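Everything on this sheet refers to the single structure shown next.
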Amino acid sequence: MNGLAVFCGNANPQLAKEIAQNLGVHLTEVFVGRFSEGEIRVQIKENIRGRDVFIIQPTCPPVNENLMELLILIDAARRASADRITAVLPYYGYARQDRKDQPRVPVTAKLVANLIVSAGANRVLTMDLHASQIQGFFDIPVDHLYAINALCDYFTSKNLKNAVVVSPDVGGIKMARAYAKKMSAELAIVDKRRDSPEKIEVMHILGNVKGKTAILVDDLIATGGSMIEAIEALRKMGIVEAYAAVSHGILSGDALTKIKKCDILKEVVITDSIPLGDPKANPKVKVLTVAPLLAEAIKRIHNSESVSGLFN
């Protein structure tokens with residue numbers, strides 16, 4: 001791993017430490033603080049001239065603070081003469097605004113991609129984007145990872161009976177089909193209408209779910225409203241119990257309260273792409289680490305090896 005430098009901002013330092021441990025390297029010392037008026041202040045404490053730099057910084061809440069830290073860290077690395085800069089975003093914020101679905105709205109996912117490229121990133125490593133086409137918003141190479149192996153291995157170890165993988169919307173069919181194939185389970189789809197970013201109305205359930213254990217798969221859970229609505233609709237169709245497999249646990253607002261109150265929902269399994277805080281706050285939430293996956297991808301990029309081979 002000669003010539004490799006790994007460091008992070010304040011978004012998810014614990015995940016960065018675990019990635020460094022898996023790589024067998026130390027985190028490059030970086031100061032990320034604030035001036036008195038709140039401006040972000042950065043200084044890289046070690047020499048990174050000519051090195052292959054990986055900056056681990058998910059743009060999770062507080063999104064704007066963490067995004068700005070990422071941009072400034074990239075600029076600092078570029079001005080310190082790094083050979084190559086890879087922005088490692090386990091979670092890519094602003095991804096839900098990926099198209100103009102209403103008049104006079106921005107395409108913020110593209111705007112953020114432009115900012116990262118303009119700051120000086122040469123490559124992006126991310127995981128389970130909200131929409132795969134976001135890869136095309138970047139004018140630099142993008143390596144897109146998936147948490148499916150870690151999540152599927154966990155559910156396979158639970159030996160759930162009569163499992164059916166459920167996509168909470170039509171847009172998630174491709175992901176749900178991959179989970180169903182890997183777990184040798186049936187597939188169902190929730191047909192819904194979105195009234196607002198947090199509220200949906202379930203129209204139909206496509207597929208046989210009666211008497212089965214439902215595993216809802218999605219890329220993220222924010223307020224939890226959409227997922228709970230889908231689970232209640234599945235309850236009316238006769239499911240025995242429900243689980244959720246989610247790549248990114250934003251868990252904003254009263255999401256944890258909703259999860260706790262939903263008796264038929266037994267467990268929400270998420271990754272540590274976003275720091276959760278105290279894992280004991282809700283026993284229904286199970287956190288799986290993706291540090292080994294990200295570390296292996298960083299190693300392969302550094303050694304110019306195939307990243308897609310991780311999922312073959």
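The values are calculated or read from the model by the stated rules, or taken from the named source; none is laboratory data. What you see is a predicted model, and the numbers here were worked out from it, not measured in a lab. Cβ placement follows ideal geometry from the backbone for every residue including glycine, while neighbour counts extend to all protein chains displayed.
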The listed residue being outside any helix (DSSP H, G or I) and surrounded by 21 or more Cβ atoms within 10 Å (Cβ to Cβ), out of Val42, Val32, Val88, Val25: Val88
Qualifying residue in the stretch 237-257 (condition: touching a helix residue (DSSP H, G or I) at 6+ places or on another chain (Cβ under 6 Å), surrounded by fewer than 17 Cβ atoms within 10 Å (Cβ to Cβ) and not acidic (Asp, Glu)): no
Meets criteria (outside the structural domain of Asn12 (by TED's automatic domain parsing) and buried (at least 17 other Cβ atoms within 10 Å of the Cβ)) for Asp272: yes
Among the candidates Leu220, Leu216, Leu256, residue that is assigned by TED's automatic domain parsing to the domain that holds Lys161, under 19 Å from the mean Cα position of the chain (by Cα), aliphatic (A, V, I, L, M) and over 21 Å from Met183 (Cβ atoms): Leu256
Matching residues, the stretch 75-129, being among the hydroxyl-bearing types (Ser, Thr, Tyr) and closer than 20 Å to Glu65 by Cβ: Tyr91, Tyr92, Tyr94, Thr108, Ser118, Thr126
Failed item in (1) touching a helix residue (DSSP H, G or I) at 6+ places or on another chain (Cβ under 8 Å); (2) without any contact (Cβ under 8 Å) to a residue 24 or more places away in the chain, with Phe138 passing the rest: (2)
Number of the exception - Asn114 against (1) crowded, with 17+ Cβ neighbours inside 10 Å; (2) farther than 17 Å from Gly249 by Cα: (1)
Any chance Ala119 is touching a helix residue (DSSP H, G or I) at 6+ places or on another chain (Cβ under 9 Å) and crowded, with 21+ Cβ neighbours inside 10 Å: no
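Yes/no matrix, rows are residues, columns are (1) among the small types (Gly, Ala, Ser); (2) under 30 Å from Leu23 (Cβ atoms):
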site	(1), (2)
Gly211	yes, no
Ile228	no, no
Met237	no, no
Leu265	no, no
Lys284	no, no
Pro292	no, yes
Ala295	yes, yes
Asn312	no, yes
The one condition in (1) more than 26 Å from Val246 (Cα to Cα); (2) in contact (Cβ under 8 Å) with a residue 24 or more places away in the chain; (3) not polar (S, T, N, Q) that Leu27 fails to fulfil: (2)
Close pairs (7 angstrom Cβ cut-off, 6 or more residues apart or separate chains): of a type in the set (Phe, Trp, Tyr) in the stretch 170-185, surrounded by 15 or more Cβ atoms within 10 Å (Cβ to Cβ) and part of a helix (DSSP H, G or I) anywhere: Tyr179/Ile148; Tyr179/Cys152
Condition check for Asn22: closer than 25 Å to Asp219 by Cα, in the same structural domain as Val142 (by TED's automatic domain parsing), touching a residue at least 40 places away in the same chain (Cβ under 8 Å) and polar (S, T, N, Q): yes
Every residue from the stretch 117-161 that is hydroxyl-bearing (Ser, Thr, Tyr) and assigned to a helix (DSSP H, G or I): Ser118, Ser132, Tyr154, Thr156, Ser157
Residue that is touching a residue at least 60 places away in the same chain (Cβ under 8 Å), hydrophobic (A, V, I, L, M, F, W, C), in contact with a Gly (Cβ under 7 Å, 6 or more places away or on another chain) and part of a helix (DSSP H, G or I), where the choices are Leu73, Leu67: Leu73
Options Pro62, Pro106; residue that is farther than 23 Å from Phe31 by Cα and free of Cβ contacts under 8 Å to residues at least 40 places away in the same chain: Pro106
Selection status of Lys266, more than 15 Å from Pro90 (Cβ to Cβ) and modelled with pLDDT under 95: no
Of all residues in the stretch 279-302 being without any contact (Cβ under 8 Å) to a residue 12 or more places away in the chain and closer than 21 Å to Cys8 by Cβ, the one that is surrounded by the most Cβ atoms within 10 Å (Cβ to Cβ): Arg300
